[in-house]
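Peer 1: Below is a structure I'd like to ask you about.
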Amino acid sequence: DIVMTQGVLPNPVPSGESASITCRSSKSLVYKDGKTYLNWFLQRPGQSPQLLTYWMSTRASGVSDRFSGSGSGTYFTLKISRVRAEDAGVYYCQQVREYPHTFGAGTKLELK
Amino acid sequence: QVQLQQSGAELVKPGSSVKISCKASGYTFTSYDMHWIKQQPGNGLEWIGWIYPGNGNTKYNQKFNGKATLTADKSSSTAYMQLSSLTSEDSAVYFCARWNYGSYDLDYWGQGVMVTVSS
């Protein structure tokens with residue numbers, strides 16, 4: 001199985017600052033079509049996960065442009081600009097390159 | 001609008017089985033895979049598998065073979081997951097989520113069902 005390893009944030013993050021969440025995969029997530037099969041989700045307290053980006057860097061419908069995904073085949077970053085109270089929660093990366101799909105353990109974002 | 005409405009919380013005894021549901025609306029149920037995801041208290045997310053309601057095809061995480069069984073009822077646009085031989089390790093919130101083929105992601109999620117296994 002592909003192992004997804006997420007970094008830790010130096011919480012709390014001051015409102016208005018930027019935050020970068022990292023995720024590393026044990027195998028390249030680039031498929032032969034050139035796309036990188038890495039998704040990011042945010043789970044706010046008491047809620048279901050919400051899709052933020054797919055194919056590593058494409059924002060889902062309705063997602064603020066303050067969220068931007070980037071990376072290579074095995075190392076990925078989700079950057080959140082001008083952090084706001086509504087961004088608090090746990091962020092998960094997920095690989096959908098191969099089965100079984102696997103998630104990172106999550107990175108908690110707390111705001112000051 | 002797309003909605004996935006899951007059934008209510010369950011309190012079940014060790015060794016028993018439970019069947020939880022996920023009723024879909026706002027889209028063509030038979031045209032999208034339905035995925036299931038497990039979240040243990042305070043823990044991350046674990047992918048269980050998917051079912052394609054159009055023909056009943058399934059794909060499981062090997063870890064859940066024999067534990068989870070996915071089915072779907074086209075007439076009611078409802079997907080089901082049965083969990084068998086329950087132990088305390090099965091106590092978790094279970095989510096259903098729609099798979100979007102176009103972008104290879106889980107674009108809509110149910111609200112989750114809490115299953116508690118306790119004697």
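Just so you know, all these numbers are worked out from the coordinates, no wet-lab data involved. If you're wondering where the values come from, they're calculated on a predicted model, not measured in any experiment. FYI the Cβ positions are ideal-geometry reconstructions off the backbone, even for glycines, and counts take in every protein chain you see.
Peer 1: Restricting attention to region B:62-119, report how many residues are of a type in the set (Phe, Trp, Tyr) and within 19 Å of B:Gln5 (Cβ to Cβ).
Peer 2: 6
Peer 1: Could you list, in sequence order, all residues of region A:81-98 that are under 25 Å from A:Ser28 (Cβ atoms) and assigned to a strand (DSSP E or B)?
Peer 2: A:Tyr91, A:Tyr92, A:Cys93, A:Gln94, A:Gln95
Peer 1: Does region B:6-39 hold any residues that are surrounded by fewer than 20 Cβ atoms within 10 Å (Cβ to Cβ), over 12 Å from B:Val113 (Cα atoms) and within 11 Å of the chain's Cα centre (by Cα), and which are they?
Peer 2: Listed by number, the list holds a single entry, B:Lys23.
Peer 1: OK, next. Identify, by number, the condition in (1) at the interface with chain B (Cβ under 9 Å from one of its Cβ atoms); (2) touching a Lys or Arg at 6+ places or on another chain (Cβ under 8 Å) that A:Lys35 doesn't meet.
Peer 2: Every listed condition holds for A:Lys35 apart from (2).
Peer 1: Also: Residues being assigned to a strand (DSSP E or B) and at negative phi: count how many of those fall in region B:41-59.
Peer 2: 10
Peer 1: Just give me the residues in region B:64-92 being farther than 19 Å from B:Ala24 by Cβ and β-branched (Val, Ile, Thr), in sequence order.
Peer 2: B:Thr87
Peer 1: Which residues, taken from region A:97-106, are under 14 Å from A:Gly73 (Cβ atoms) and either of a type in the set (A, V, I, L, M) or within 7 Å of another protein chain (Cβ to nearest Cβ) (or both)?
Peer 2: Residues satisfying the conditions do not exist here.
Peer 1: Within region A:88-108, can you find the residues that are more than 16 Å from A:Met4 (Cα to Cα) and crowded, with 20+ Cβ neighbours inside 10 Å?
Peer 2: Of everything in region A:88-108, just one residue is more than 16 Å from A:Met4 (Cα to Cα) and crowded, with 20+ Cβ neighbours inside 10 Å, namely A:Gly89.
Peer 1: Which residue, of B:Gln3, B:Gln39, is touching a Leu at 6+ places or on another chain (Cβ under 6 Å) and in contact (Cβ under 8 Å) with a residue 40 or more places away in the chain?
Peer 2: B:Gln39
Peer 1: Can you pull out the strands (runs of 3 or more DSSP E) entirely within region B:73-119 that have at least 2 residues that are within 14 Å of another protein chain (Cβ to nearest Cβ), within 16 Å of the chain's Cα centre (by Cα) and among the aliphatic types (A, V, I, L, M)?
Peer 2: It comes to B:92-100, B:113-117.
Peer 1: Another question, if that's okay. Please indicate, with yes or no, whether at least one residue in region B:60-70 is in contact (Cβ under 8 Å) with a residue 24 or more places away in the chain, surrounded by fewer than 17 Cβ atoms within 10 Å (Cβ to Cβ) and part of a strand (DSSP E or B).
Peer 2: Scanning region B:60-70, I find no residue that is in contact (Cβ under 8 Å) with a residue 24 or more places away in the chain, surrounded by fewer than 17 Cβ atoms within 10 Å (Cβ to Cβ) and part of a strand (DSSP E or B), so the answer is no.
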